[in-house]
Amino acid sequence: MILAQLKIGDRSAADSCVENNGFCPSWIAHNLDRYKQPLIDHIELTLIAVVVGFVIAFSLALLAHRRRWLVPPITQITGILYTIPSVAFFFLLLPLTGRGKVTALIALVSYTLLIIFRNVITGLNSVPAEARDAGRGMGLTQNQLLWRVELPLALPEIMAGLRIAVTTTVGLTSLVFLAGAGGLGGAIFADIQFQSNVVVAGGLCVLLALVFDLLVLALQKALTPWTRVAR
């Protein structure tokens, strides 16, 4: 009896939402809790993917910076991974890793590698030769030169790549529900099917991308105070 009443209530809400072009403020106000877990999953998957991707890509970039012949093959391999359509990537991984977060994270991490690797290499290459010469003149070793001179000067480019990787990952994470990993994508799809509150899950996804972007930008400003002085 109760289930039947709920179904009638859902149908009534759906009809009302259709009449209001799928936007029901009253329904949204009473059902925000249903988006809590998808939002948490979305944040978790995004953060793990970006952190793991940054560690891998940053390490590869430092290695390639020392051994320049590695730059083309690493760029090509990460470029191939980046060009694989996301939905196809998930389905290609399913027979190997099954449904769940592992499959989603492998794909999401793969999409961050090219962006971060390329920006780290670009940042290191853009360090002025005069700065390197000054560091050597001060008696810095190769490792000291890298960590005290090159990387600090390359930080703006590195952080720019991280911002792109973060916002891209937030968007791609909307598709991981196809791999059974949760996230806001499942809520978006359900809202479209239900023809109601279609702006909530999508709006949360956009807001999440904006918040992450602002956080990375704030981190960049904190790590590179000299750029503000230069302006």
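The values are calculated or read from the model by the stated rules, or taken from the named source; none is laboratory data. The structure presented is a predicted model; accordingly, all values stated were derived computationally and were not measured. Positions of Cβ are backbone-derived with ideal geometry, glycine not excepted, and every protein chain shown enters the neighbour counts. All accessible areas refer to the heavy atoms of the entire protein, side chains included, with ligands and DNA or RNA removed. Shrake-Rupley method; radii C 1.70, N 1.55, O 1.52, S 1.80 Å.
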Search result, residues across the range 75-108 that are farther than 29 Å from I43 by Cβ and touching a residue at least 40 places away in the same chain (Cβ under 8 Å): T75
query: Would you call A134 at pLDDT below 95, open to solvent by less than 70 Å² (accessible area, probe 1.4 Å) and closer than 30 Å to L210 by Cβ?
result: no
field: Filter result (farther than 16 Å from G161 by Cβ and open to solvent by 10 Å² or more (accessible area, probe 1.4 Å)) within the range 97-127
entry: T97, G98, R99, G100, K101, V102, L105, I106
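Quick grid of which residues meet (1) within 18 Å of Q220 (Cβ to Cβ); (2) over 23 Å from the mean Cα position of the chain (by Cα); (3) modelled with pLDDT of 95 or more:
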site: T103; (1), (2), (3): no, no, no
site: T122; (1), (2), (3): yes, no, no
site: N143; (1), (2), (3): no, yes, no
site: G171; (1), (2), (3): no, no, no
site: A181; (1), (2), (3): no, no, no
query: Of the residues V55, V50, which single one is closer than 18 Å to I164 by Cβ and either surrounded by fewer than 16 Cβ atoms within 10 Å (Cβ to Cβ) or in contact with a strand residue (DSSP E or B) (Cβ under 9 Å, 6 or more places away or on another chain) (or both)?
result: V55
task: From (1) under 24 Å from L214 (Cβ atoms); (2) out of contact with any Asp or Glu (no Cβ under 9 Å at 6 or more places or on another chain), pick out the condition that doesn't hold for T103.
output: (1)
task: For residues that are aliphatic (A, V, I, L, M) and in contact (Cβ under 8 Å) with a residue 40 or more places away in the chain, scanning just the range 183-192, find the one that is farthest from Q220 (Cα to Cα).
output: A187
field: Hits in the range 80-91 (condition: assigned to a helix (DSSP H, G or I) and either open to solvent by 40 Å² or more (accessible area, probe 1.4 Å) or aliphatic (A, V, I, L, M) (or both))
entry: I80, L81, Y82, T83, V87, A88, F91
